[in-house]
Amino acid sequence: MESQPSVSSSDIVVTGDRPTGPLHLGHYAGSLTTRLRLQHLCRQYILIADLQALTDNAGAPARVADHVLEVALDYLAVGIEPGRSTIALQSAIPELAELTILLLNLVTVARLERNPTIRDEIRQRGFARDIPAGFLMYPVSQAADIAGFRATVVPVGADQLPMIEQSNELVRALNRLAEREVLVEARPLLSATQRLPGLDGKSKMSKSLGNVINLTASPEELRDRVKRMYTDPGHLRVEDPGQIEGNTVFAYLDAFDPDAEEVAALKQRYRRGGLADSVVKQRLATLLEALLAPIRARRAELASRRHQVADIVDAGTQVARAAVAQVLGDVREAFKLRREVRGAG
Ligand code: TRP
């Protein structure tokens, strides 16, 4: 991995999640742990990106709406602190929508179609030629999310790097137009853990494929899911040598087991033969239960006072609105827009 730029107190971080389902262990390993660390280092905005979720869920708006508060509960349950991180609802910040409209003037359709993340997603979703316009332009909306807060750091998985590149292009285009630095470029902070595979070992984690462990999984569910995790299909008898590559259980141990030395020893024994899948799975299940138990308890407690959680999101949204409003004002000025015609000369 490339060397990571360090984060300082003057940095501004923006991240977000589409509220289309409960957050799972992939979110935890990939981005939530980073946010937990960053909230102690600098200002951090976390967007519940419901507008972005609509760009490929317009047929199921209730699904998006129903998960807004759920995602907020997940954030707070894992330890995101409203005093340190600003949790905000994207669609309740109309300034972001206006900023998106303005930035759309600075990008071509051809450039949007070249975005590698968009190309992948178009293929995955089978849109073919019937691409919703809103979907094609969501990288511009995400650029507004980033530049609208003058974010300097965006923690991402490798698949989101093209989004930051596209955002920075828009920032440069706007600054060229304004002939001054109105918006600032952001740098990616690549997540340290590799993307976790789905439990089936075949595809990436996906709520719809059901190959994930949600942060809300019950102890029984957790045990059951770990038991059914994909290992090495060639490892039939305990004494057979087993393969680590592509073995989901070891991928999860790598991500969650704090005892890296013990994991290395286990891998060695597994490769040699003589280590049962069930033993490795038992270790993983115990470990994950220890991780999820306090999250589960805290979430249940928070869920009993949902209105307070809603208040936290609403308050965060107001703070976020004020921040974006300032930036939007500067961008409107760059485009010579005015709030009233009278007196403008
Ligand atoms: N595209 C991100 C995802 O699918 C969510 C997101 C929305 C985001 N706005 C953002 C991420 C701004 C980083 C910065 O997970």
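The values are calculated or read from the model by the stated rules, or taken from the named source; none is laboratory data. Bear in mind the structure is a predicted one, so any value in this text is a computation, not a measurement. When we count neighbours, we look across all protein chains shown, and the Cβ atoms used for this are built from the backbone with ideal geometry, even at glycine. We work out accessible area using only protein heavy atoms, side chains counted, and drop any ligands, DNA or RNA first. Shrake-Rupley method; radii C 1.70, N 1.55, O 1.52, S 1.80 Å.
Screening the range 117-132 for residues that are in contact (Cβ under 8 Å) with a residue 60 or more places away in the chain and not in a loop (DSSP other than H, G, I, E, B) and picking the one that is farthest from Gly59 (Cα to Cα) gives Glu121.
Looking at this structure, is Glu340 in a helix (DSSP H, G or I), open to solvent by 80 Å² or more (accessible area, probe 1.4 Å) and closer than 30 Å to Val171 by Cα?
Values: in a helix (DSSP H, G or I): no; open to solvent by 80 Å² or more (accessible area, probe 1.4 Å): yes; closer than 30 Å to Val171 by Cα: yes.
The answer is no for Glu340.
Per-residue answers, yes or no, for (1) in the same structural domain as Leu89 (by TED's automatic domain parsing); (2) at pLDDT below 95; (3) of a type in the set (Gly, Ala, Ser):
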{"residue": "Ala297", "(1), (2), (3)": "no, no, yes"}
{"residue": "Ala310", "(1), (2), (3)": "yes, no, yes"}
{"residue": "Gly316", "(1), (2), (3)": "yes, no, yes"}
{"residue": "Arg321", "(1), (2), (3)": "yes, no, no"}
{"residue": "Leu328", "(1), (2), (3)": "yes, no, no"}
{"residue": "Arg339", "(1), (2), (3)": "no, yes, no"}
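Which residues, taken from the range 135-158, are in a helix (DSSP H, G or I) and either touching a helix residue (DSSP H, G or I) at 6+ places or on another chain (Cβ under 7 Å) or loosely packed, with under 14 Cβ neighbours inside 10 Å (or both)? Steps first, please.
First pass over the range 135-158, keeping only residues in a helix (DSSP H, G or I): 135-136, 138-147, 158.
Result: Leu136, Tyr138, Pro139, Val140, Ser141, Gln142, Ala143, Ala144, Asp145, Ile146, Ala147, Ala158.
Of everything in the range 102-116, what is of a type in the set (A, V, I, L, M, F, W, C), open to solvent by less than 40 Å² (accessible area, probe 1.4 Å) and in a helix (DSSP H, G or I)? Give them in sequence order. Talk me through it step by step, then tell me what you get.
Of the residues in the range 102-116, the ones of a type in the set (A, V, I, L, M, F, W, C) are 102-104, 106-107, 109-110, 112.
When the remaining residues are screened for being open to solvent by less than 40 Å² (accessible area, probe 1.4 Å), the result is 102-103, 107, 112.
Leu102, Leu103, Leu112, listed by residue number.
Of the numbered criteria (1) closer than 23 Å to Arg37 by Cα; (2) within 14 Å of the ligand (Cβ to nearest atom); (3) open to solvent by less than 30 Å² (accessible area, probe 1.4 Å), the one Leu89 fails is (3). For first residues located in the range 85-106 and over 16 Å from Ile46 (Cα atoms), partners that are among the aromatic types (Phe, Trp, Tyr) and lie 6+ apart or on another chain with Cβ distances below 7 Å form the pairs Leu102/Phe335. Within the range 199-233, the residues that satisfy the criterion of being polar (S, T, N, Q), open to solvent by 20 Å² or more (accessible area, probe 1.4 Å) and under 16 Å from His27 (Cβ atoms) are Ser206, Ser208, Asn214, Thr216.
Conditions tested, residue by residue: (1) among the aromatic types (Phe, Trp, Tyr); (2) modelled with pLDDT of 90 or more.
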{"site": "Gly134", "(1), (2)": "no, yes"}
{"site": "Tyr138", "(1), (2)": "yes, yes"}
{"site": "Pro155", "(1), (2)": "no, yes"}
{"site": "Arg176", "(1), (2)": "no, yes"}
{"site": "Thr193", "(1), (2)": "no, no"}
{"site": "Met205", "(1), (2)": "no, no"}
{"site": "Ala217", "(1), (2)": "no, yes"}
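Assess whether Arg18 counts as being modelled with pLDDT of 95 or more, within 14 Å of the ligand (Cβ to nearest atom), open to solvent by less than 20 Å² (accessible area, probe 1.4 Å) and of a type in the set (D, E, K, R). Spelling it out, it is not the case that Arg18 is modelled with pLDDT of 95 or more, within 14 Å of the ligand (Cβ to nearest atom), open to solvent by less than 20 Å² (accessible area, probe 1.4 Å) and of a type in the set (D, E, K, R).
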